[in-house]
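**Student:** To start, I am sharing the structure in question, which I have written as structure tokens.
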Amino acid sequence: MVLLVQYLMPLLEKVAKKYKSKNVVVETGTFRGDGVQNYLNWGFQKVVSFEIQPDLFHAASKRFQNNPQVSLYLGDSALALKELLAGSSLTEPAIFFLDAHCSAGETGASELFDEEQVLRNEMLAIKNHSVKNHTILIDDMRGFQKANIEKIVKDIFPDYLISYEDGHQKKDVLAAYPAHEFLQLKLRGAALLPVRVFKAIKRRL
């Protein structure tokens, strides 16, 4: 397990830094708060995170109780994210790391929605926010039907491009971002995108 974590952290750090044109991360699925700490270590100025399991939420809250850069919320992100963004002071683009799906063990899951519906609700909340150029990262894509998730993303964000990054496994993180950020990401060392992305860019030119 230690070897697995040591292997994963550089991969996730690479993904996070690749898309780090933003200073804020909004995460769904706090778990024990290791992701929150990693974002801080990687230079993000503000981290917002949601956790559905009360025990995990309280443990993470205690861990970061003296850190003004961290805001933690207890609740189902399929509902709570919309509430937060509707009255939010978030006025700048952010990275939304969507990882609220159940991964067995201590992790929780929505009692009202299946995992695809959770992602759809989260993305609708992001779409309806006053800031329109957020970046979306969806973890653990190996557990979803990729075509279904891609369709949800494109239905909600028709002007976004989609690529895949390595995470827990190869191409396990879906990245969705505004088309105008493509060249910025290439300069940051982003992996080559699929042919369909280049076709999408050509159609917009």
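**Student:** Taking every alpha carbon pair in region 135-185, what does the distance histogram look like in 5 angstrom bins from 0, in percent?
**Tutor:** Spelled out bin by bin, region 135-185 gives 5, 21, 32, 23, 15, 5 percent.
**Student:** OK, next. Could you rank the peptides 157-166, 67-76 by their average count of other C-beta atoms within 10 Å per residue, with the highest value first?
**Tutor:** 157-166, 67-76
Every number here is computed from the coordinates shown, using simple stated rules; none is lab data. What you see is a predicted model, and the numbers here were worked out from it, not measured in a lab. Please note: Cβ atoms are built from the backbone with ideal geometry, for glycine as well, and neighbour counts cover all protein chains shown.
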